[in-house]
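Data block below; observations after.
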Amino acid sequence: MRHAIIALGSNLGDRAELLRAALGDLRAAEGVEVLDASPVVVTRPVGGPEGQPDFLNAVVKIRTTLGPFEMLQLCQAIEDAHDRTHDIEWGPRTVDLDIIDFGGLSMDEPTLTLPHPRAAGRAFVLVPWAMMDPEARLGGRRVRELAQEADDLPGISPRTHPPLIDPSELPHHDGGGRVPEGLRPWLQPPAERP
Ligand SMILES: Nc1ncnc2c1ncn2[C@@H]1O[C@H](COP(=O)(O)OP(=O)(O)OP(=O)(O)O)[C@@H](O)[C@H]1O
Ligand SMILES: Nc1nc2c(c(=O)[nH]1)N=C(CO)CN2
């Protein structure tokens with residue numbers, strides 16, 4: 001049994017409904033228990049074509065009996081079920097599921113790198129993760145501190161969307177979802193940022 005962090009993103013179609021559906025698919029999957037879910041944050045696209053729509057991003061914490069490659073297959077099957085296409089690198093997508101951390105495993109295989117090789121520099125992953133779990137660590141560093149150093153932090157909107165799931169259905173939810181201290185000034189409207 002391993003704990004893992006899965007990042008969800010969408011910037012095409014009914015983004016909130018797609019994230020909700022993907023979370024539902026994860027919850028329904030054999031061998032997967034969703035323990036907690038972050039708030040849904042609005043984020044400016046990082047990379048990809050100019051002018052693509054803003055993303056909704058969230059992360060979830062799961063417990064699973066699956067192995068890492070089975071987990072990758074499950075993530076890809078969920079993407080496929082929601083018509084995710086792969087035509088443009090970092091282009092618009094209905095739903096994207098990335099394995100950020102898988103029980104602390106380290107690997108660099110052709111189809112799977114763990115932890116996710118770009119996650120430590122991505123505020124669109126780190127901010128919702130730190131809001132869900134202010135003490136979380138990635139590669140020995142606190143996620144909330146990594147978030148403060150991420151280049152895309154100014155692209156995270158102070159707005160959040162309604163939660164993906166009723167918190168009472170999440171075994172590990174502690175009523176969190178607060179913005180950690182060090183991130184608070186950044187998640188103000190741009191005019192009020194330091
Ligand atoms: N930790 C990981 N989580 C998900 N996919 C991974 C991981 N490591 C390697 N991959 C590989 O990355 C490939 C490309 O995935 P995808 O098209 O979703 O990339 P992306 O989400 O657009 O970009 P990025 O990888 O920068 O997040 C997948 O086919 C998968 O084999
Ligand atoms: N804001 C934002 N930008 C991205 C995202 C994402 O989920 N959110 N995903 C990417 C590839 O995984 C590339 N760029």
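The values are calculated or read from the model by the stated rules, or taken from the named source; none is laboratory data. No experiment lies behind these values; they were computed from the predicted model shown. For neighbour counting, all protein chains shown are included, and Cβ atoms are generated from backbone atoms with ideal geometry for every residue, glycine included. Accessible surface is based on the protein model in full, side chains and every heavy atom, while ligands, DNA and RNA are left aside. Shrake-Rupley method; radii C 1.70, N 1.55, O 1.52, S 1.80 Å.
Farthest towards the positive end of the charge dipole of the chain, among the residues Pro134, Gly51, Ala21, is the Cα of Pro134, using unit charges on the Cβ of Lys, Arg, Asp and Glu.
About the Cα centre, and with charges only on the beta carbon of Lys, Arg (+1) and Asp, Glu (-1), how big is the dipole of the chain? Nearest 20 debye, please. Spell out each step's value before the answer.
Values: 19 positive and 30 negative charges, 122 e Å.
I would put it at about 580 debye.
Please state the charge dipole magnitude for region 98-140, taken about the Cα centre, from unit charges on C-beta atoms (+1 on K and R, -1 on D and E), reported in debye and rounded to the nearest 20.
On the way: 3 positive and 6 negative charges, 31 e Å.
It comes to approximately 140 debye.
Ordering Thr113, Ile62, Val95 by the projection of their Cα atoms onto the charge dipole of region 1-131, which places +1 on the Cβ of Lys and Arg and -1 on the Cβ of Asp and Glu, puts Ile62 at the extreme positive end.
Extension gain, Asp54 to Ala191, is 47.4 nm, computed as 0.36 nm per intervening residue step minus the present C-alpha separation.
What order, most packed first, do the peptides 31-44, 117-130 have when packing is the mean number of other Cβ atoms within 10 Å of each residue?
117-130, 31-44
Can you give the accessible area per residue of the chain, in Å², using a 1.4 Å probe?
On the way: 9420 Å² over 194 residues.
Heavy-atom SASA per residue in the chain reads 49 Å².
Per-atom-type breakdown for region 1-138 gives carbon and sulfur 49% of the accessible area (1.4 Å probe, protein chains only).
Shown here: region 1-156, whose C-alpha atoms stretch 41, 35, 30 Å along the first, second and third principal axes, sorted largest to smallest.
Taking max minus min of the alpha-carbon positions on each principal axis, region 51-108 gives extents of 38, 21, 19 Å, largest first.
Look at the dipole of region 65-194 built from charges on Cβ: of Ser168, Thr85, Val179, the Cα furthest out on the positive end belongs to Val179.
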